[in-house]
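The values are calculated or read from the model by the stated rules, or taken from the named source; none is laboratory data. This is a predicted model, so every value here is computed, not measured. FYI the Cβ positions are ideal-geometry reconstructions off the backbone, even for glycines, and counts take in every protein chain you see. Protein only, heavy atoms only, side chains kept; ligands, DNA and RNA dropped before computing areas. Shrake-Rupley method; radii C 1.70, N 1.55, O 1.52, S 1.80 Å.
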Amino acid sequence: MRASQFFISTLKEAPADADITSQKLMLRAGMIRKLAAGIYNYMPMGLRTIRKIEAIIREEMNAAGAIECLMPVVQPAELWQETGRWQKYGAELMRVKDRHGRDFIFQPTSEEAITDIARGEIKSYRQLPVNFYHIQTKFRDERRPRFGVMRGREFTMKDAYSFDRDEASAGVSYDKMFVAYHKIFNRLGLTFRAVKADTGAIGGSRSHEFQVIADTGEDAIAYCPTSDYAANIELAEALSLNASRASPVLEFGKTPTPGKEKCEDVAALLNLPLSRTVKSIVLAVDKADDKGNPLPADIWLLLIRGDHELNEIKASKIAGLGKDFRFANESEIIEHFGCMPGYLGPIGLKKPVKIVADRTVATMSDFVSGANEEGFHFTGMNWARDLPEPDFIADIRNVVPGDPAPDGNGVLAIQRGIEVGHVFYLGTVYSKPMNATFLGENGKPQLLEMGCYGIGVTRLLGAAIEQNHDDKGIIWPDAMAPFTVAIAPMGYDRSEMVKTAVDTLYSDLKLAGVDVLLDDRGERPGVMLAELELIGIPHRVVIGERGLKDGKVEYQHRRDAAAAVVDVSEIAAFVKAKLVAFK
RNA sequence: CGGGGCGUAGCGCAGCCCGGUAGCGCGCCUGGUUUGGGACCAGGAUGUCGUAGGUUCGAAUCCUAUCGCCCCGACCA
């Protein structure tokens with residue numbers, strides 16, 4: 001492609017409403033333009049990258065036996081009412097009425113539509129297994145769109161849905177996708193990690209997220225460098241840090257701690273490590289009588305070691321506490337503890353509360369906790385001796401670096417990631433309400449076993465940039481780059497020597513099928529080079545009279561600190577040898 | 001949805017407090033000189049100051065409403 005025949009539109013300064021690096025760079029490089037909050041135009045440069053990502057996804061999905069189809073963006077409400085998601089999905093589901101007043105939605109995902117296809121078309125076990133996918137525009141009316149294309153409202157997603165005769169077969173389908181996803185993200189040239197993920201309301205055990213590693217990621221990943229354990233921190237299991245509970249050594253006592261409301265302050269005052277303190281977190285679960293009138297909320301006390309953090313997802317899995325807990329308000333706390341937050345603890349309650357101790361807390365001895373009296377903490381507290389054993393012992397904290405790995409093969413480390421893919425075993429969650437059945441070998445109808453598999457195509461652009469950029473701009477992996485090679489002529493229109501060398505290389509690379517951009521716009525060198533770097537084309541050849549006099553041109557990878565001088569006669573072969581596609 | 005902030009030229013911003021001819025940098029257009037790291041000189045174009053009301057002789061500026069956008073949080077997965 002000649003740049004003069006293409007559309008390059010860069011910005012020296014990023015628009016003020018861009019917040020993160022990838023969004024700023026995509027705007028500056030002219031890949032996207034914002035149309036509304038969370039809604040973007042994809043400019044020619046950006047679309048080239050999207051198409052490259054899609055092509056790789058298609059190839060690998062097809063290779064894994066999935067079959068492409070295309071479901072509409074606008075779907076009738078009835079399907080969503082069948083599964084109950086018309087209500088459950090909430091305001092994030094974009095609803096629209098047609099001219100007759102009939103309800104439709106903009107698809108945020110396509111389980112309903114594909115299940116409707118499946119129940120109509122799949123009649124026999126002989127048609128199974130089958131996996132359909134499409135690459136289609138999604139719309140989720142996010143409360144707060146942000147991070148550019150990484151959390152937009154409109155985005156492109158590849159979503160695949162597998163149908164199987166039984167759970168064992170569904171597991172095979174799942175594993176195929178798991179492998180295909182590794183191939184896709186490897187081919188895209190990204191550093192990523194497949195991590196165990198929370199299965200949320202759907203339940204079940206099979207769910208993995210594919211996280212692109214980047215410090216700016218929204219998700220925290222716990223992994224074990226010496227084994228293959230990796231999980232989203234929401235899910236990563238925290239073992240007790242004490243092998244067993246040590247025998248009490250200290251006397252139980254009350255210590256004045258005026259003004260020391262945080263564990264850190266109390267530990268400092270008492271000259272104890274933070275790991276000897278226990279913090280109290282008070283949660284409430286609202287109750288109502290048969291008529292829906294509110295009753296006093298159930299109050300729960302969660303105990304976490306002073307240097308740990310509550311994991312709300314884990315807490316929500318405690319029987320009785322459930323998903324609908326909230327933090328208790330001040331009056332509830334005073335009513336049950338007789339004290340304001342800051343000095344709360346499990347001893348000396350005014351009213352009974354349910355006490356949950358984190359696994360580590362349950363094995364602590366001689367610990368420090370609030371005395372339920374302003375300005376005082378208890379020290380030398382011991383389970384059984386000074387207070388009853390906790391009602392519940394559970395894993396309710398986030399793992400921290402250095403924790404033992406749950407698989408017993410080392411210690412955990414934590415890094416941040418951007419979720420770009422998710423594979424999920426669904427079971428019959430959708431086939432059941434929609435009555436999607438097939439006839440089994442026994443001639444009887446059975447529910448289809450399903451799995452779903454998503455890849456955020458447009459989010460991948462942002463994730464790749466978050467992972468691969470420097471202060472000059474984007475550094476695309478070869479497979480995603482809008483152009484793989486840039487030729488930067490110094491004086492294309494002024495020097496016959498330059499023009500000849502440039503044109504020769506350009507046609508040679510084009511003939512070889514390389515995606516090459518010839519910058520023939522006549523920009524000054526500084527502008528041209530700065531823009532090519534901003535756009536992030538990974539390979540660049542600079543050709544000017546200065547070098548050609550000695551028969552030399554320059555090659556530089558976007559990550560190289562300096563250019564390599566290459567014989568003009570060898571440059572085409574030299575470049576091809578550098579390309580991932582030719583390796 | 002709660003809290004905070006911002007809407008002035010394509011982009012980045014000043015002007016607003018204290019009402020009186022709408023500005024700066026970049027970009028853009030024309031001509032010239034330049035051409036190996038975001039050139040220089042000369043000339044030029046571009047705004048219903050987000051929108052609608054109100055106050056006033058007079059509103060970008062003060063008041064009210066409204067829309068849009070951004071940030072933090074909550075929510076969602």
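Summary table
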read-out	value
DSSP-defined beta bridges in the range A:168-309 - what % are antiparallel, rounded to 5	95
Candidate lysines - alpha carbon under 19 Å from A:K350, same-chain residues fewer than 8 apart omitted	A:K254, A:K279
Net charge of Cβ neighbours under 13 Å - reference A:V353; Lys, Arg +1; Asp, Glu -1	-1
Heavy atoms of A:H100: accessible area, 1.4 Å probe, square angstrom to 10	130
Percent RCO, i.e. relative contact order, over chain A, from Cα pairs under 8 Å lying at least 6 residues apart	17
Value at 222 nm in deg cm²/dmol, rounded to 500, when DSSP H runs of n ≥ 4 in chain A each add -39,500 (n - 2.57)	-7000 deg cm²/dmol
A:D550 versus A:T500: modelled label distance in nm, points set 7 Å from Cα along the beta carbon direction	2.0
The range A:127-266 - percent relative contact order, Cα under 8 Å, separation 6 or more	15
FRET efficiency estimate (nearest 0.05) - Cβ-Cβ, A:D508 to A:A288, R0 56 angstrom	0.15
Nearest-ten-degree value, helix A:457-467 long axis tilted from longest Cα axis of chain A	90
Fraction of accessible area attributable to carbon and sulfur, chain A (%, probe 1.4 Å)	51
Candidates per trypsin sites (Lys or Arg not before Pro) in the range A:439-500, loop by DSSP, up to 16 other Cβ within 10 Å	A:K472, A:R494
Net charge over other residues, Cβ less than 12 angstrom from the Cβ of A:S431 (K, R count +1; D, E count -1)	-3
Spatially proximal aspartates and glutamates relative to A:K24 (Cα-Cα < 19 Å; intrachain offsets below 8 disregarded)	A:E13, A:E154, A:D215, A:E218, A:E466, A:D470, A:D471, A:E531, A:E533
Stokes-Einstein diffusion coefficient of chain A, Kirkwood radius over Cα pairs, 10 °C, 1.306 mPa s, in µm²/s	57
Those aspartates and glutamates that a straight Cα-Cα span of less than 20 Å connects to A:K549, excepting residues fewer than 8 apart in one chain	A:D493, A:E496, A:D503, A:D567, A:E570
Neighbour cut-off at most 15 other Cβ (10 Å), DSSP loop, GluC sites (Glu not before Pro), the range A:496-583	A:E570
Stretch gain in nm, segment A:R2-A:D166, where the contour uses 0.36 nm per residue and the Cα spacing is subtracted	53.6 nm
Average Cα contact separation per residue, the range A:253-394, under 8 Å, 6 or more apart, as relative contact order %	28
Chain lengthening between A:R126 and A:T255 when straightened (0.36 nm per residue, less Cα-Cα)	39.1 nm
Pair A:V527, A:E59: separation of 7 Å Cα→Cβ label points (nm)	3.7
Radius of gyration and maximum dimension Dmax of the range A:284-416, Cα, Å	16.3, 53
Unsatisfied cross-links (Cα-Cα over 31 Å) in the set A:K176/A:K432; A:K12/A:K499; A:K97/A:K123; A:K123/A:K196	A:K97/A:K123; A:K123/A:K196
Qualifying chymotrypsin sites (Phe, Trp or Tyr not before Pro) in the range A:1-58, DSSP loop, other Cβ atoms within 10 Å at most 15	A:F7
Solvent-accessible area per residue, Å², over chain A with all protein chains present [probe radius 1.4 Å]	45
Cβ-derived FRET efficiency at R0 60 Å, A:R143 paired with A:A564, nearest 0.05	0.75
Point-to-point label distance, A:K350-A:R95, nm (Cα→Cβ direction, 7 Å offset)	4.3
